[in-house]
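Peer 1: Pasting in a structure now, in structure tokens, and then I'll have a few things to ask.
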Amino acid sequence: MKKHPLAKLDQQHLWHPFTQMRDWLKGEPLVIERGKGALLWDVRGREYIDANSSIWTNLHGHNHPKINAAIRRQLGKVAHTSALGLASGPSSLLGRELVRLANPRTGLAKGQPRLAKVFYSDDGSTAVEVALKLAYEFARRTGRARKPRFLSLDGAYHGDTVGAVSAGHIDLFHKAYSGMLFKTDKVMSPYCYRCPFNQAKPERGDARDSRKCNFECVDKVEQQFAARKKRGSNYAAMLIEPGLQGPAGMIAQPKGWLGRVAQIARGHGTQLIADEVMTGLGRAGDRFFASHDEGVQPDFLCLAKGLTGGYLPMAATLTTQDIFDEFLGEYAEFKTFFHGHSYTGNALGSAASLASIELLQTKATTNKRKKLATNLRTEAKRLWALPQVGDIRQAGCVLAVELVRDWRTRAPFALDEQAGIRVCNGLAKRGVLTRPVGNVIVVMPSFCTTQRQVKKIFGTLHDSIAETLKQP
């Protein structure tokens, strides 16, 4: 079969993210033409289940009539006007909704800050970049940190702009740019499956449920803060992906970890940056934000990906009135936050976001989220029969399967063996699309995904693992 003309054009002209292009050029890439609900179709008419929500962005399904209509209505008015010197109706309305959504009346621990202000940007990286700059200046101006510095988790990934990369700790992604970056510190990640303090033997279940430890990972955080204080300064902020670390390998945190760590940070006068780019808006927790599942309200809440329902690039960084006030002053004092983007708060993105957030709060979507989480948990159980499945961990509507040589030893596949990639290629041939994180298969479908579709996802995943990683 000849390559499709669009596939040829792609290979002739495009450079894809996080992709070894030599491998990409060997075959014919899938060219997606349309979508509906949890399904996608390519230009040859083949049907697929979108099992990773188009890289973790699509909340309600493709081609959703409500979001489509909201964009069309706004398009009939104006697509974009600058936020530099002008206000916009859709972005103002969205700001009100985000602040309301981020400040629930119940469920937060006492003494938590209130998020009051919204700064818009383009994607997850820029949302984190905004938080870093604001936290740095706030710590410097208020004297909280003599030399402001940041702390994040081992294996952290917060985006690809220079500031966000500086806060990341994945050598595979970040080491090449080390000469461009500012120094940040890292601390142990709560990775129960591979934790050196966890004395539990391998079992056929989520390692968090059978762990035998005393939260030594939390002790490491306390020790890191104490060491920083001994050097004469506090951290400006600690960055955390609440609920689970995404690109680190979908590392789901044990219950109680976030609350303990937040208390330590606050005790040292350090602000919290919650990177909920992936985990927020109902994706990885029972509540709208994974931070709130443990009663924690951050000082900075970073949102993107699902903000528009997976339609348009848009991001938001929410913060407190105190931080906002620190940038107020007379013009000549130049206390302004000198940062911005051409498409900040664009009208089309704001309109899509408003429609998505309205959908998110309906009873119908709440029920879909609950059913999807239950279906993922139920259907994934069949994978325990495979010796190459080491851990299955879930946070809300996100489920991850860690592949190993044998579950009894937890011995990992070398990255250059491409175990995860090969399994996902096998899935695609069977009509299911997702993308691995190393040896971890990510299953993160949109909320509208039916039980039948979930059953197919895990049935094909079972078959692909068994065939691809079969032992001699």
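We did not get these values from a lab; they are worked out from the coordinates using the rules stated. These figures come from a predicted structure and were not determined experimentally. Reconstructed Cβ throughout: ideal geometry from the backbone, glycine too, with neighbour counts over all protein chains shown.
Peer 1: Mean residue ellipticity at 222 nm from the helices of the chain, using -39,500 (n - 2.57) per DSSP H segment of n ≥ 4 over the full residue count, to the nearest 500 deg cm²/dmol?
Peer 2: Dividing the helical sum by the residues of the chain leaves -10500 deg cm²/dmol.
Peer 1: Viscosity 0.890 mPa s, temperature 25 °C: give me the Stokes-Einstein translational D for region 230-287 in µm²/s, with Rh taken as the Kirkwood radius over C-alpha pairs.
Peer 2: 197 µm²/s
Peer 1: Quick one, what does Rg over Rh come out to for region 73-360 if you take C-alpha atoms and the Kirkwood Rh?
Peer 2: 0.97
Peer 1: Something else about it: I need the trypsin sites (Lys or Arg not before Pro) found in region 255-312, filtered to DSSP loop residues with at most 13 other beta carbons within 10 Å of theirs.
Peer 2: Numbers: sites: Lys255, Arg260, Arg266, Arg283, Arg287, Lys305; in loops: Lys255, Arg283, Arg287.
Loop-located and lightly packed - Lys255.
Peer 1: With +1 on each Lys and Arg Cβ and -1 on each Asp and Glu Cβ, how big is the dipole of region 1-107 about its Cα centre, in debye rounded to the nearest 20?
Peer 2: Its charge dipole is roughly 300 debye.
Peer 1: For a paramagnetic label modelled at 7 Å from the Cα of Lys363 toward its Cβ, which residues of region 278-294 fall within the zone defined by backbone nitrogen distances under 17 Å?
Peer 2: Zone members listed by number: none at all.
Peer 1: Given the Cα-Cα distance of Asn214 and Thr378 and 0.36 nm per residue of separation, how much length would full extension add, in nm?
Peer 2: Numbers: separation 164, 0.36 × 164 = 59.04 nm, distance 2.94 nm.
Here the answer is 56.1 nm.
Peer 1: Please sort by residue number the trypsin sites (Lys or Arg not before Pro) in region 1-92 whose DSSP state is loop and whose Cβ has at most 16 other Cβ atoms within 10 Å.
Peer 2: Here the sparse-neighbourhood loop sites are Lys2, Lys3, Lys26, Arg44, Arg46, Lys77.
Peer 1: Also: Just how far, in whole angstrom, is region 254-276 from region 148-225 if you go by their alpha carbon centroids?
Peer 2: 14 Å
Peer 1: Sequence neighbours fewer than 8 away in the same chain don't count; with that in mind, list the lysines whose C-alpha is under 28 Å from Lys230.
Peer 2: Candidates past the 8-residue exclusion: Lys133, Lys147, Lys183, Lys186, Lys220.
Peer 1: Can you give me the distance in nm between label points at Thr409 and His4, each placed 7 Å from the Cα along the Cα-to-Cβ direction?
Peer 2: 4.2 nm
Peer 1: Right, next: In terms of Cα to Cα distance under 18 Å, which aspartates and glutamates are near enough to Lys66, apart from those fewer than 8 places away along the same chain?
Peer 2: In chain and number order, the partners are Glu97, Glu358.
Peer 1: Something else: Which whole-Hz ³J(HN,Hα) couplings does region 142-158 yield from phi under the Karplus relation 6.51 cos²θ - 1.76 cosθ + 1.60, θ = phi - 60°, glycine and proline marked x?
Peer 2: Listing the rounded values in order: 8, x, 5, 9, 5, 10, x, 9, 10, 10, 9, 8, 4, x, 5, 9, 10 Hz.
Peer 1: Further question on the same structure: What FRET efficiency comes out for the pair Arg430/Thr19, r = Cβ-Cβ distance, R0 = 22 Å, nearest 0.05? Before the final figure, lay out the partial values.
Peer 2: Numbers: r = 22 Å, r/R0 = 0.98.
Calculated transfer efficiency: 0.50.
Peer 1: Among 221-229, 331-339, 51-59, 446-454, how do they line up by average Cβ neighbours within 10 Å per residue, starting with the highest? Walk me through the numbers before you get to the answer.
Peer 2: Working: 221-229: 16.2, 331-339: 10.0, 51-59: 23.7, 446-454: 20.9.
So the peptides 221-229, 331-339, 51-59, 446-454, ranked by packing, come out 51-59, 446-454, 221-229, 331-339.
Peer 1: Based on C-alpha coordinates, I'd like the Rg and Dmax of region 140-249, in Å.
Peer 2: For region 140-249, the Cα radius of gyration and maximum Cα-Cα distance read 15.8, 51 Å.
Peer 1: So which aspartates and glutamates pass the test for Lys305, namely a Cα distance under 13 Å, with those fewer than 8 places away in the same chain ruled out?
Peer 2: Partners found: Asp122, Asp123, Asp275, Glu276.
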